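Here is the structure we will look at, set down as structure tokens.
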Amino acid sequence: MKPILPLFMLLMIGLSVHQSCLALADSVPVRLQKTPPKPHSPRKAIIHSAIIPGWGQADNKKYWKIPIVYGALGTTTYLFFRNLQQYRDSRLAYQLATDTDPLNDVQIVEPYFSVRNQPERIRVFRNQVRQNMDYCVLFFIAFWGLNVVDAAVDAHLKSFDVSDKLSLHLKTGYSEIARNAGMQLILNIR
């Protein structure tokens, strides 16, 4: 048993030395090469936003703008289909009111039934609803274009320096040269 004890002690000392060597090897700082970040592409944001509204804003990490984009486009879409239904109803009511068969007047829906004897009013309303449909299409296209422009501007300004090195101050005081009180706008670029 005596020869086993020194062998056991030698094994324990060897393990502790090995553990400390591993700890030293792990504590040596390793310098990793940082890969430079990919430059943000405005072209990519423009194309994405032109394909699917809000995709360019997602590329620019401006997620809070996506509901605004879909709210504007969704509102114009809703108004277009609402006006389309009113246009179809008023067109049918005008056709039924201007025909010579009074038995067809029963088919006229309620908002137009009360003015069935005045088809000119129905025609004017039909034309106004048609104009509103055209405006809805124009606003839809304008909002989609505004979505693309917003994505382009955000993408171009992504690399703009907005650090503390830039400052703009408004200073009030008395000017000895002009002998007058006034304001100064001071731009500091460091």
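Each value in this text was obtained by applying a stated rule to the coordinates, not by laboratory testing. Computed from a predicted model, the values in this text were never measured in an experiment. Here Cβ is always computed from backbone atoms with ideal geometry, including for glycine, and neighbour counts include all displayed protein chains.
A crude spin-label estimate for the pair HIS156 and HIS40, with each label 7 Å from Cα along the Cβ direction, gives 1.4 nm.
Measuring spread by the Cα atoms of segment 40-159 yields a radius of gyration and Dmax of 21.5, 71 Å.
Gain on full extension, evaluated as 0.36 nm per residue between ALA50 and ASN132 minus their Cα-Cα distance, stands at 27.0 nm. Per-residue Karplus couplings for segment 120-137, computed as 6.51 cos²θ - 1.76 cosθ + 1.60 with θ equal to phi - 60°, are listed in order as 5, 5, 5, 5, 5, 5, 4, 5, 5, 5, 5, 5, 5, 4, 4, 5, 4, 5 Hz, Gly and Pro entered as x. For the residue pairs LYS44/LYS158; LYS44/LYS165; LYS65/LYS165; LYS65/LYS171; LYS38/LYS62, the alpha carbons lie more than 25 Å apart in LYS44/LYS165; LYS65/LYS165; LYS65/LYS171.
Were the residues from GLU120 through LEU187 laid out at 0.36 nm apart, the gain over their Cα-Cα distance would be 17.6 nm. For segment 31-95, the Kirkwood radius over C-alpha pairs fed into Stokes-Einstein at 37 °C and 0.692 mPa s yields D = 217 µm² per second.
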